[in-house]
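Notes follow the structure.
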Amino acid sequence: MIDELVRAAAREEPGALEELERVAAAGPDRLAPHLDQLIELEVLWPPTLYRAAGADVVRRLVERVESGRYAEQLDRLLLILAHTRDPLAEAALRRWDGTPPPGASRLHIGALAYALQGGWALGRDGGSRELCGPVAYRLEFSAAVADPAGCPWCGSPLWPVVDLDTADPRVAAALAHTGWRGRLRLTTCHLCSCYTTLFTEVTPDGGATWSTRNVPPGHLPRWTEDPPAVSAVPGPPRATPYQADAWSRGGSTLGGHPQWIQDAEHPSCPTCDEPMDHVGMVGGADLDDLGEGAYYLHLHASCGVAAVNYQQS
Ligand SMILES: [Zn+2]
Ligand SMILES: [Zn+2]
């Protein structure tokens with residue numbers, strides 16, 4: 001059945017690729033036996049199809065990059081390698097950071113920056129760090145009152161996006177990779193976060209204040225608006241860390257990996273410049289019937305900084 005789906009995706013039959021993506025999200029290993037076939041048929045997008053790639057597939061992809069014969073596929077091949085998070089892929093990205101592979105002049109980012117697209121950070125010092133969690137939970141919504149402290153830029157009341165506490169074992173598991181302990185309340189401006197990444201200073205007693213590091217972009221909303229009257233709270237577990245859905249109702253997710261609508265955008269912590277950890281994703285479809293886009297929540301626990309950014313199609 002997956003064989004047929006792979007061939008249908010290669011023929012660009014409507015819905016086939018989306019169905020493959022769902023299979024990959026619900027059980028990445030189910031695609032593992034079909035990855036050679038996907039490469040053969042040049043189904044190289046989205047790179048999330050390749051999360052379960054084993055060493056053989058990774059070696060084949062690395063050889064493809066280094067041969068120089070697939071330079072027009074270079075961006076997609078590097079994205080796939082980033083999503084495999086395989087030690088061979090890590091070694092190759094580090095090698096290409098110093099000696100770019102054939103065709104690299106057409107890329108917009110360096111080899112190590114591709115790792116961020118797969119949800120991990122590779123430091124030049126040899127260190128690596130997972131930015132996303134190994135477990136995920138649905139985010140559900142409960143009524144919440146907007147923070148009367150208004151947005152310093154547009155004046156809208158601030159939105160209490162999430163109210164979490166690691167005393168809840170689900171939160172502790174979903175945020176384990178961040179090192180956070182305590183209550184995590186994140187407030188943001190639901191309007192201005194659509195224009196730039198907004199940072200919030202957070203404390204383990206639930207404190208959340210607008211960061212003085214926020215820099216207004218050239219263009220900002222000229223109106224005020226009440227934020228969604230809900231906060232996200234943890235719900236039941238998801239079967240895999242990959243089932244966040246930025247498009248559908250019920251897709252909001254705590255922990256795991258986000259579904260990015262555009263390229264991955266893990267912000268850098270404004271205090272230390274390290275990439276921030278992923279906390280969760282709140283889909284617009286869960287906020288109102290016509291909702292679109294998604295809010296992405298980030299944290300750098302050691303600096304006490306949280307962030308929200310937004311993407312739409
Ligand atoms: Zn605002
Ligand atoms: Zn930091």
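Computed from the coordinates by the stated procedures, all read-outs in this text should not be read as laboratory data. Everything quoted here is computed from the prediction, not taken from an experiment. So basically every Cβ, Gly included, is an ideal-geometry build from the backbone, and we count neighbours across all protein chains shown.
Within a 10 angstrom radius of the beta carbon, how do 185, 51 rank from fewest other beta carbons to most?
Numbers: 185 20, 51 23.
Least to most surrounded, the residues fall as 185, 51.
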Original post:
What number, rounded to the nearest 500 deg cm²/dmol, is the helix-based mean residue ellipticity at 222 nm of the chain, given -39500 (n - 2.57) per DSSP H run of at least four residues and division by all its residues?
Top reply: -7000 deg cm²/dmol
**OP:** Quick one: among 193, 252, 67, which has the greatest mean-square fluctuation in a GNM of the chain with alpha-carbon springs under 10 angstrom?
**Re:** 67
Original post:
What ³J(HN,Hα) values, in whole Hz, does the Karplus curve 6.51 cos²θ - 1.76 cosθ + 1.60 give for the stretch 103-117 when θ = phi - 60°, with x put for Gly and Pro?
Top reply: x, 5, 4, 8, 7, 9, 10, x, 4, 5, 5, 5, 4, 4, 5
Original post:
For a paramagnetic label modelled at 7 Å from the Cα of residue 128 toward its Cβ, which residues of the stretch 269-313 fall within the zone defined by backbone nitrogen distances under 17 Å?
Top reply: 275
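For the stretch 2-130, what value does the Rg/Rh ratio take when both radii are computed over Cα atoms and Rh is the Kirkwood radius, given to two decimals? All intermediate terms of the calculation are to be shown ahead of the outcome.
Details: Rg = 14.4 Å, Rh = 14.8 Å.
Rg/Rh: 0.97.
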**OP:** Please tell me the relative contact order of the stretch 2-130 in percent, rounded to the nearest whole number, where contacts are Cα pairs under 8 Å and at least six residues apart.
**Re:** 18
Original post:
Projected area of the stretch 88-174, taken from the Cα convex hull and averaged over every viewing direction, in nm²?
Top reply: 10.2
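Taking the number of other C-beta atoms within 10 Å as the exposure measure, put 269, 189 in order starting with the fewest. Show your work: numbers first, answer last.
Values: 269 22, 189 29.
Fewest-to-most ranking of 269, 189: 269, 189.
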Subject >> Under Karplus coefficients 6.51, -1.76 and 1.60, residue-wise ³J(HN,Hα) of the stretch 273-281 in Hz, glycine/proline x >> reply: 6, 6, x, 7, 7, 7, 9, x, 9
Original post:
Which values, in whole Å and largest first, are the semi-axes of the equivalent ellipsoid of the chain obtained as the square root of 5 times each eigenvalue of the Cα gyration tensor?
Top reply: 35, 22, 18
**OP:** Rounding to the nearest 20 debye, state how big the charge dipole of the chain is about its Cα centre with +1 on each Lys and Arg Cβ and -1 on each Asp and Glu Cβ.
**Re:** 580
Original post:
When averaged across all projection directions, what area in nm² does the alpha-carbon convex hull of the stretch 136-311 cover?
Top reply: 9.2
